[in-house]
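Below is one structure, written out as C-alpha cells, with a few remarks after it.
Derivation of every value follows stated rules applied to the coordinates shown; laboratory data play no part. Since the model is a prediction, treat every value here as computed from it, not as a measurement. Neighbour counts run over all protein chains shown; Cβ positions are idealised from the backbone, glycine included.
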Amino acid sequence: MNLDIRHPGIWLLLCIVLFMIIHFMLSNGFIFNPEPHEFSSSEHYQMMIHSTVPLTNVTLYLPLPIKNGSPVAGSFYLTEEFFARENISVAFVRSPPGMDPNWTIFVNGSQPLYLKLTADRLYPNKTHGTEFLLIHEERTPLNSPLEFQETILPIGNQSIFLQKVNFSPELTEIIPYKDPDLMKYREVVVVPQHMMFYADYSTSPSAVVNIGSHVSVENSWKVSWRTKKNSYSDGYSWFHTGETRGWKMSNGIYGSAGGYYPNFSRPLWQKVLARSVPQK
C-alpha cells in the first residue's frame, strides 16, 4: 500500500506526531533547559568469587571497604548477614593471623576489616552451582548539587579498601577547561595498585579462580539532553590456577577526580543554588 503524504489526513497525522514529540522533549528538558537539573548520586559495590571447579577446605580473608571505621559501600552499611550463604560461614575480622601492619594505609585512625569466609566445599560457578556474587547498586536523587558525594579526595572521606601496599597517590589539581561553567581536575589513577588478602583452599591443578571486589560512587546531572558526571572507584582482582595457601597480593585500580565538576562561582550555578535547598 502506497501513502500519499500530500493527502490532508496524512499531513494532519504527521503534525500530531511531531507535536507530541516536541512536547515530550520540552517537558523533559531535552531542548530548552540549559540549566543543570536532575542531580543524583549513584553507588556500586561488588564482591565476586568464581572458580571453574569446586574448592574444598576453603578459608578466605577478603578486604572490605571502610569509611569512618565502619564497613560501608557508599552509604550502604555492610553486615555479616549481607554476605551469608548456605553452607558458608562468614565473620568480620580486624586482624587475621599473619597480617602485616605495614599493609595498612592510615586513614583517620581507621583499621582495615576483612570478611572471613570458610566452607568445606565451595563451587562458585553459576554454570554448575551457586555463584558467589554480591552486588549492591543504588541511585539517590538529590535536591541540590551541594549534596554530591566527595569524589575528588575519597581517602578519609569515602569508602575505600585500606589493605594497600606501597600506596601513595598524588594530590590532584585543577586543570584548564574550555567551558567556564565546569571544572576539571587532573585525574588520579593508580594502576596497578596492590592489595593483600588471604586464600587457602584445595582444588584441581587445572582450576582457574578469580577473586575480586570493587566500590565506586558517581555524581551526575543533566544539562539539556547531556549528562555530566564525576566519580571515584577502588577495587582489586586476582586470578590463580590450582590450589593456594597463605597471603596473596592482588592487582587493582584506584581512581579519583574523574569527570566534570560544577564551577559554583559562575552565575549559572549561583542561580541553581539559589533555588535548590539541600536536604537536612
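Each residue of the stretch 57-63 was assigned a 3J(HN,Hα) from its phi angle through the Karplus curve 6.51 cos²θ - 1.76 cosθ + 1.60 (θ = phi - 60°); the sequence is 6, 8, 9, 10, 10, 10, x Hz, with glycine and proline shown as x.
Over the stretch 36-275, what is the relative contact order in percent, taking alpha-carbon pairs closer than 8 angstrom and at least six residues apart?
Working: 603 pairs, mean separation 68.7, N = 240.
Across the stretch 36-275, relative contact order equals 29 percent.
Each residue of the stretch 177-194 was assigned a 3J(HN,Hα) from its phi angle through the Karplus curve 6.51 cos²θ - 1.76 cosθ + 1.60 (θ = phi - 60°); the sequence is 9, 5, 8, x, 7, 10, 10, 10, 10, 5, 5, 9, 9, 10, 9, x, 9, 10 Hz, with glycine and proline shown as x.
Based on the mean of other Cβ atoms within 10 Å per residue, sort peptides 37-43, 105-111 so the most packed one is first. Don't jump to the answer; show the numbers that get you there.
Numbers: 37-43: 17.6, 105-111: 13.3.
My ranking of the peptides, most packed first, is 37-43, 105-111.
For the chain, a crude dipole built from +1 on the beta carbon of Lys and Arg and -1 on the beta carbon of Asp and Glu, taken about the Cα centre, is about 460 debye to the nearest 20.
Can you compute the helix-only [θ] at 222 nm over the chain? Use -39500 (n - 2.57) per DSSP H run of at least 4 residues, normalise by all residues, nearest 500 deg cm²/dmol. Walk me through the numbers on the way to the answer.
On the way: 3 runs with 33 residues, N = 280.
Computed mean residue ellipticity for the chain: -3500 deg cm²/dmol.
With the charge dipole of the stretch 201-280 set up from +1 on Lys and Arg Cβ and -1 on Asp and Glu Cβ about the Cα centre, the Cα lying farthest toward the positive end among the listed residues Ser204, Asn263, Ser231 is that of Asn263. Our note on the geometry: Cα centres of the stretch 116-170 and the stretch 219-239, 14 Å apart.
Can you give me the Rg/Rh ratio for the chain, using Cα atoms for both radii and the Kirkwood formula for Rh? All intermediate terms of the calculation are to be shown ahead of the outcome.
Numbers: Rg = 24.6 Å, Rh = 21.9 Å.
Answer for the chain: 1.12.
In the chain, the longest principal axis of the Cα atoms and the axis of helix 8-27 are about 50 degrees apart.
The protection proxy used here, the mean number of other Cβ atoms lying within 10 Å of each residue, ranks peptides 142-154, 261-273 as follows, highest first: 142-154, 261-273. Stokes-Einstein diffusion for the stretch 156-280 at 10 °C, viscosity 1.306 mPa s, with a Kirkwood radius from C-alpha pairs, works out to 90 µm²/s.
Which residue, Pro180, Pro96, Pro124, has the most motion in a Gaussian network model of the chain that connects Cα atoms within less than 10 Å? Residue with maximal mean-square fluctuation among Pro180, Pro96, Pro124: Pro180.
Does the stretch 217-265 classify as rounded, prolate or oblate by the C-alpha gyration tensor (a ≥ b ≥ c root eigenvalues; a/c under 1.5 gives rounded; else a/b over b/c gives prolate, otherwise oblate)? All intermediate terms of the calculation are to be shown ahead of the outcome.
Details: a/c = 6.53, a/b = 3.35, b/c = 1.95.
Because a/c hits 1.5 or more and a/b exceeds b/c, the stretch 217-265 counts as prolate.
Over the stretch 169-227, the ratio between the Cα radius of gyration and 2.2 N^0.38 Å evaluates to 1.95.
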